[in-house]
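A quick write-up on the structure given underneath.
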Amino acid sequence: MAVAPEVAVLPLTVLLAGVVVSFLQARGSRGRGASWTGLSASAFMFLAFASAMGLQAAGVSGRFQLFGTVPMEAGGLAYLLALIATGLGMAVSLYSVTYMREEPGLERYYPLLLLMTAGIVGIGFAADLFSLFVFFELMAIASYGLVAYDVREWEPLEAGMKYVVMSGTGSLVALLGIALVYFFAGTTDLAQLQVEAVRIPPAASVPAIGLLVAGFGLKASIVPFHTWLPDAHSAAPSGISAMLSGIVIEAGLLTLVKSLGIFVVPGGLPEVSFGFLLALLAVLTMTAGNLLALHQKDLKRMLAFSSIAQVGYILLGFGLAFEYGVRSGVEGSLFHLLNHAMMKGGAFLAAGLFLWYAGTRDLDRLAGIGRVAPIAGASFAVFALGLAGVPPMSGFLSKLLIAKAGLDAGGAWPLFFVVALAANSVLSLAYYVPAVNRIVFAEGRHPARRVPWTMQAPIAALALLTIVFGLLPDLPLQVVSSAADAFMRILGGA
Amino acid sequence: MTYEVFAVLAIFAPLLGAGVVPLVGLASRRARDVTAIAFGLVTAVATLLTLLAVGPDPVRVYAWIPILGVGFDLRVDALGAFIAAIAGTIGFLVVVYSLAYMRHAEEEGYSLSRYYALVLLFIGAMIGLGLSDSLLAFYIFWETVGLCSFALISFYHRDAKARRAGLKAFAVTRVGDIGLLVALVALWSAGGVVTFSGLDAAGIPRDILGLAAFGFLLAAIGKSAQVPLHVWLPDAMEAPTTISALIHAATMVNAGVYLVARTFPALEALGWWPQALLWIGSITALVAALSAYAEPDLKRVLAYSTVSQLGYMVAAVGAGAILASQFHLLSQAIFKALLFLAAGAVIQAVGTRDMYGMGGLRTKMPLASNAFLVGVLAMVGIPLFNGFWSKELLLDAVLEHGFLAPFLLLVVTTFVTAAYSWRAYWLVFHGTPRFAGAARDAPRPMSAVLVILTGAAATSWLLLGPYSETMAATMPAYPVEPLGLIAAGVAILRWPSGLVPLAVAGLSAYFVFRYGPRFERRLREGSAYARLVRSGFLLDAMYNALARRLADSAQRLRSTQTGDLNINVAGVLGGIVVIVVVLLLGVV
């Protein structure tokens, strides 16, 4: 069945329509009306998810122009990102129905959430360095509003302020890199740049790569550009924390990876060996993230630091792929991106439920909360152990594939990277398991309270999916594999 | 072959049970207990029927992950089927024993639904581990076993010590699991090897094979609690005694010995690998036995004794004596389950694990006393009990292959084993009672299990003939000869390998009864020996220092998280400069 690639604009259109509808719906409505806004936002997320699923299954691919001018490309990578973003978005907006019901200003919340998701979906489809940047900024600007959502409190405001300044610096730096590329190559089209890229002399491509890595890497919270993340991710409303940690920073990472693709000469490996640099940064990122998470007493802050570590794992796979051309690295990283979205998204939602229940993020005061909220407690255990890479939760197989990439590459350095990955997995147990111990097993006194299904259902669904994908990984791996195909075409490999 | 259905049933019946039991538990406690027993029984029967299905070839049960070329393959040969049968039957006995033993826990507010679900999951994962040919499935089962042990060791979660012990067990064994992960990935990457049966030394580059061998070794050391990663097992005694029995006899520590036995034919070619097994095994055996002698805690004595017995088995695999190692594994599983469950009855009756708070129980608890005595006789290796046959067979094989030094270490261990076993028996059951209140023998289900295990400890050696024949028939790649009882008897009684250990064990009994009391006083006062043992032969102290060092560096790293925007933005710019410099270094 040959379908024009133009239909691939559907998920993006649905999300943008959702922005308008939810804005109109939410204006002035509180209580019951607010619940309906949340449900309709979930419905739009679901429609976008379903359309992306349909397009993926039908194998719609190819280039097309959005609004007649913006070059886009439909393909496996775009669909994977769209499915993750809208899938998690669906869980988050459903969760927010009760969680956010009493908050003022919902006409900002749901439209910004949908807009941020649209930006992420756009990143997947963008086929041009500049439109890539525009979608990236769309995502970023929407997220500023969401982090500083609760303007009555000092903490979100301060965190939002830091986030804007840091992220703005990053965007500026990345834009400078893009300008440098455009200056030398005369085009911003990703496919053409691969051909033209040979014309960029190393003297120019080295600073350009440096600027792109720092600029987009800041958004992806690669160490040493990570300092804004713990504040922003822990101060935001929990649903937003789930989105930020689950998919936004990963979208930043994919933006980086897509933009770095232009420096790869088709059929060969990059002239400037930035893959090795990425792998080194990856080891630094995972180690620092895990060490910083060790002493956290604030549950959401701990999860935020662990996101930094997880970005390190994902970055390692891509780094190995850029440096050694190993396909398993791409597959592992993309699969881990999916798994991390489920696990960390779910973990933040569970943490939000605990916060809603007990009014605190302090791990000591949350002791035993998993017994009064058993579904969230058990799910949290699944997420935490999955994040540590314990089977049968799905995180282990993706980590294993990344490790396999190191051995596929062969040699002493890749082996070092694999050992660093494995050692970090053990290190991360030192905070995940005590957190599980504290929340699920320890004694604590919490009043009985009814937990609404709109909050429990998304958490339970993500936990279930984490186990199912761990035991039966063939289906998600097929989607991942077709996305890896697109990436390997950039590398010019098979 | 249609018998494979038993193997599949053996794996998935307990896993299903783990899901069903808590659901039934919502309705009724009694129905839940019956359901747990029923699933345990089905599992035990299925594992025994699986013994009929043994064959040399792997079977693909399910395509599983075609995109990675990984299937769910089972390999039901004697090695795996016996591990599964041990897990299934002893697991079932433990579930029955738990009916009476764990009742008090429910009254104290611990959820028995969780308990039974985890126990069944534990058993199912161990059976799956034994029967999997697919390395990925093996890895999943392996880690699930670790996860269950963590959750069950910290079952009494209100006790901070139990929670800490669970964490320690999980973390230490995970260090070993890195090895398994690296081995698995290395084999997959280098030769496309994704099954045990596909593991063939010929097709794999030597350095990759070495890496994999090291990984498997590390994994086995962690899981089977060998030196230097044995420190988690004694602490794991915070678990309910039933769980200790399960871990020591059926579901956890056997996995490491199984793994090295399973991979032996492919890795034997690496000269250092069998040597490493021999030395690690025999040193572990001795160190753990010495530790056991200084323990005042009954359960910790038994824990160290398991570590020591596992050392024997690992050394035997190193000597290429697969049959002896696995046969000893069977003996150990039976007599250790017996010892733990007898100890459980005693501990419940007396209310302490401290042997200095027991004494004189021989007349008050005759059943437990006799059961424990049979366990001791089997562990020490007194003729006609199962431990005698398997241990002598094992020692004989080590000497026959010309490994004199490890053999001598193991003979010395036999002396110490006899010493700590007699000491424990004497402290618990003889002398004057050192506790208040009355003690009686355990209620019926517990006693029934003790009787069954006592019988098994006295007779399981009769299985040697069929055991060795099935092994020889279904494991062509392994150095196993069929061995009749008479031939085994002749081999065992040959000078010096057979009679020396026996004489040593007898000598040891004399020394314990003659000089034991005086030595005991010194131990209680805290002699240098006792202090050395309590620091885990300095290893525990070392690991703690390492963990502290790590925690400190994490603490110091936090100071970089200043929250000052100016510094952070400056950091970004500095980062760019560093990146560009690194890239330029790469170009030039």
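Criterion first (in a loop (DSSP other than H, G, I, E, B), in contact (Cβ under 8 Å) with a residue 40 or more places away in the chain and over 30 Å from residue A:157 (Cα atoms)) does residue B:526 satisfy it?
Criteria not met by residue B:526.
Anything in the stretch A:139-156 that is of a type in the set (A, V, I, L, M) and surrounded by 19 or more Cβ atoms within 10 Å (Cβ to Cβ)? List them, or say none.
Those that are of a type in the set (A, V, I, L, M) and surrounded by 19 or more Cβ atoms within 10 Å (Cβ to Cβ): A:139, A:140, A:142, A:146, A:147, A:148.
Hey, any hits in the stretch A:362-382 for a residue that's in a helix (DSSP H, G or I), more than 9 Å from chain B (Cβ to nearest Cβ), surrounded by fewer than 23 Cβ atoms within 10 Å (Cβ to Cβ) and among the aromatic types (Phe, Trp, Tyr)?
Scanning the stretch A:362-382, I find no residue that is in a helix (DSSP H, G or I), more than 9 Å from chain B (Cβ to nearest Cβ), surrounded by fewer than 23 Cβ atoms within 10 Å (Cβ to Cβ) and among the aromatic types (Phe, Trp, Tyr), so the answer is no.
Residues that are part of a helix (DSSP H, G or I), touching a helix residue (DSSP H, G or I) at 6+ places or on another chain (Cβ under 8 Å) and free of Cβ contacts under 8 Å to residues at least 24 places away in the same chain: does the stretch A:196-209 have at least one?
Among the residues of the stretch A:196-209, at least one is part of a helix (DSSP H, G or I), touching a helix residue (DSSP H, G or I) at 6+ places or on another chain (Cβ under 8 Å) and free of Cβ contacts under 8 Å to residues at least 24 places away in the same chain, which makes the answer yes.
So, residue A:423, is that one out of contact with any Asp or Glu (no Cβ under 7 Å at 6 or more places or on another chain), surrounded by fewer than 17 Cβ atoms within 10 Å (Cβ to Cβ) and within 13 Å of another protein chain (Cβ to nearest Cβ) or not?
yes
Any residue that is assigned by TED's automatic domain parsing to the domain that holds residue B:493, outside any helix (DSSP H, G or I) and charged (D, E, K, R) - is there at least one of those in the stretch B:437-447? Break it down stepwise before answering.
Narrowing the stretch B:437-447 to residues assigned by TED's automatic domain parsing to the domain that holds residue B:493: B:437-447.
After this cut, where a residue has to be outside any helix (DSSP H, G or I) as well, the list is B:437-443.
If we keep only those that are charged (D, E, K, R) as well, we get B:440-441.
Scanning the stretch B:437-447 turns up at least one residue that is assigned by TED's automatic domain parsing to the domain that holds residue B:493, outside any helix (DSSP H, G or I) and charged (D, E, K, R).
Based on this model, can you work out whether residue A:29 counts as modelled with pLDDT under 95 and surrounded by fewer than 17 Cβ atoms within 10 Å (Cβ to Cβ)?
yes
Scanning for something at pLDDT below 85 and either under 23 Å from residue B:50 (Cα atoms) or out of contact with any helix residue (DSSP H, G or I) (no Cβ under 7 Å at 6 or more places or on another chain) (or both), does the stretch B:445-461 turn up at least one residue?
No, every residue in the stretch B:445-461 fails to be at pLDDT below 85 and either under 23 Å from residue B:50 (Cα atoms) or out of contact with any helix residue (DSSP H, G or I) (no Cβ under 7 Å at 6 or more places or on another chain) (or both).
Select from the stretch B:19-61 the residues that are outside any helix (DSSP H, G or I) and exposed (fewer than 13 other Cβ atoms within 10 Å of the Cβ) and list them in ascending order. Write out each step before concluding.
Step one: filter the stretch B:19-61 for residues outside any helix (DSSP H, G or I), giving B:28, B:54-61.
Hits for the stretch B:19-61 are B:28, B:57.
Do any residues in the stretch A:138-166 that are within 14 Å of another protein chain (Cβ to nearest Cβ) have Cβ atoms under 7 Å from those of residues that are charged (D, E, K, R), where the two are at least six apart or on different chains, and which pairs are they?
From residues that are within 14 Å of another protein chain (Cβ to nearest Cβ), the pairs are A:159/A:231; A:162/A:231.
Which pairs do you get when a residue that is more than 7 Å from every other protein chain (Cβ to nearest Cβ), found in the stretch B:554-567, comes within reach of a residue that is of a type outside the set (S, T, N, Q) and surrounded by 14 or more Cβ atoms within 10 Å (Cβ to Cβ), reach meaning Cβ atoms under 6 angstrom, with the pair 6+ apart or on two chains?
Here the result reads none, with nothing in the stretch B:554-567 linked to a residue that is of a type outside the set (S, T, N, Q) and surrounded by 14 or more Cβ atoms within 10 Å (Cβ to Cβ).
Looking at the stretch A:235-257, is at least one residue surrounded by fewer than 24 Cβ atoms within 10 Å (Cβ to Cβ), charged (D, E, K, R) and either modelled with pLDDT of 85 or more or at positive phi (or both)?
Checking the stretch A:235-257: not a single residue is surrounded by fewer than 24 Cβ atoms within 10 Å (Cβ to Cβ), charged (D, E, K, R) and either modelled with pLDDT of 85 or more or at positive phi (or both).
Test residue B:267 against the stated conditions and say whether it is within 15 Å of the chain's Cα centre (by Cα), touching a residue at least 40 places away in the same chain (Cβ under 8 Å), surrounded by fewer than 24 Cβ atoms within 10 Å (Cβ to Cβ) and over 16 Å from residue B:306 (Cα atoms).
It is false that residue B:267 is within 15 Å of the chain's Cα centre (by Cα), touching a residue at least 40 places away in the same chain (Cβ under 8 Å), surrounded by fewer than 24 Cβ atoms within 10 Å (Cβ to Cβ) and over 16 Å from residue B:306 (Cα atoms).
Being of a type in the set (Val, Ile, Thr), more than 30 Å from residue B:547 (Cβ to Cβ) and surrounded by fewer than 19 Cβ atoms within 10 Å (Cβ to Cβ) is true for just one of A:479, A:451. Which residue is that?
Step by step, each of A:479, A:451 is checked, and only A:451 is of a type in the set (Val, Ile, Thr), more than 30 Å from residue B:547 (Cβ to Cβ) and surrounded by fewer than 19 Cβ atoms within 10 Å (Cβ to Cβ).
Go over the candidates A:468, A:480 one by one and state the one that is more than 28 Å from residue B:160 (Cα to Cα), at the interface with chain B (Cβ under 10 Å from one of its Cβ atoms) and modelled with pLDDT of 90 or more.
Values: A:468 fails: at the interface with chain B (Cβ under 10 Å from one of its Cβ atoms).
Result: A:480 is the single residue among A:468, A:480 that is more than 28 Å from residue B:160 (Cα to Cα), at the interface with chain B (Cβ under 10 Å from one of its Cβ atoms) and modelled with pLDDT of 90 or more.
Just need a number here: residues in the stretch B:39-75 that are β-branched (Val, Ile, Thr) and in contact with a Pro (Cβ under 8 Å, 6 or more places away or on another chain).
Applying the first criterion (β-branched (Val, Ile, Thr)) to the stretch B:39-75 yields B:42-43, B:45, B:47, B:50, B:54, B:59, B:61, B:65, B:67, B:70.
Now drop any that are not in contact with a Pro (Cβ under 8 Å, 6 or more places away or on another chain), which leaves B:43, B:65.
Adding up the residues that qualify gives 2.
Applying the selection to the stretch B:164-190, what residues are at the interface with chain A (Cβ under 7 Å from one of its Cβ atoms) and of a type in the set (Ser, Thr, Tyr)?
Answer for the stretch B:164-190, where residues must be at the interface with chain A (Cβ under 7 Å from one of its Cβ atoms) and of a type in the set (Ser, Thr, Tyr): just B:189.
Considering A:22, A:93, which residue is over 19 Å from the mean Cα position of the chain (by Cα) and either outside the structural domain of residue A:240 (by TED's automatic domain parsing) or within 27 Å of residue A:476 (Cβ to Cβ) (or both)?
Just one listed residue meets the conditions, A:22.
Which one of these is modelled with pLDDT of 90 or more, over 27 Å from residue A:326 (Cα atoms), surrounded by 22 or more Cβ atoms within 10 Å (Cβ to Cβ) and within 25 Å of the chain's Cα centre (by Cα): B:225, B:220, B:169?
Working: B:225 fails: modelled with pLDDT of 90 or more; B:169 fails: modelled with pLDDT of 90 or more.
Every option except B:220 fails the conditions.
Name every residue in the stretch A:118-135 that is within 22 Å of residue A:51 (Cα to Cα) and of a type in the set (A, V, I, L, M, F, W, C), in order of residue number.
Within the stretch A:118-135, A:118, A:120, A:121, A:123, A:125, A:126, A:127, A:132, A:135 qualify.
Please state which one of A:218, A:212, A:138 is at pLDDT 90 or above, within 19 Å of residue B:565 (Cβ to Cβ) and either touching a Gly at 6+ places or on another chain (Cβ under 6 Å) or not assigned by TED's automatic domain parsing to the domain that holds residue A:383 (or both). Quick ask: steps written out before the conclusion?
Details: A:212 fails: within 19 Å of residue B:565 (Cβ to Cβ); A:138 fails: within 19 Å of residue B:565 (Cβ to Cβ).
So the residue among A:218, A:212, A:138 that is at pLDDT 90 or above, within 19 Å of residue B:565 (Cβ to Cβ) and either touching a Gly at 6+ places or on another chain (Cβ under 6 Å) or not assigned by TED's automatic domain parsing to the domain that holds residue A:383 (or both) is A:218.
Please go through (1) within 14 Å of chain B (Cβ to nearest Cβ); (2) surrounded by fewer than 20 Cβ atoms within 10 Å (Cβ to Cβ) for residue A:446 and return the number of the only condition it doesn't satisfy.
Of the numbered conditions (1) within 14 Å of chain B (Cβ to nearest Cβ); (2) surrounded by fewer than 20 Cβ atoms within 10 Å (Cβ to Cβ), the odd one out for residue A:446 is (1).
Answer yes or no: is there a residue in the stretch B:533-554 that is closer than 16 Å to residue B:419 by Cα and hydroxyl-bearing (Ser, Thr, Tyr).
Checked against the condition, which is being closer than 16 Å to residue B:419 by Cα and hydroxyl-bearing (Ser, Thr, Tyr), the stretch B:533-554 yields no hits at all.
The values are calculated or read from the model by the stated rules, or taken from the named source; none is laboratory data. Predicted, not measured: the structure shown is a model, and the values here were computed from it. Ideal geometry is used to build each Cβ from the backbone, glycine not excepted, and the neighbour counts take in all protein chains shown.
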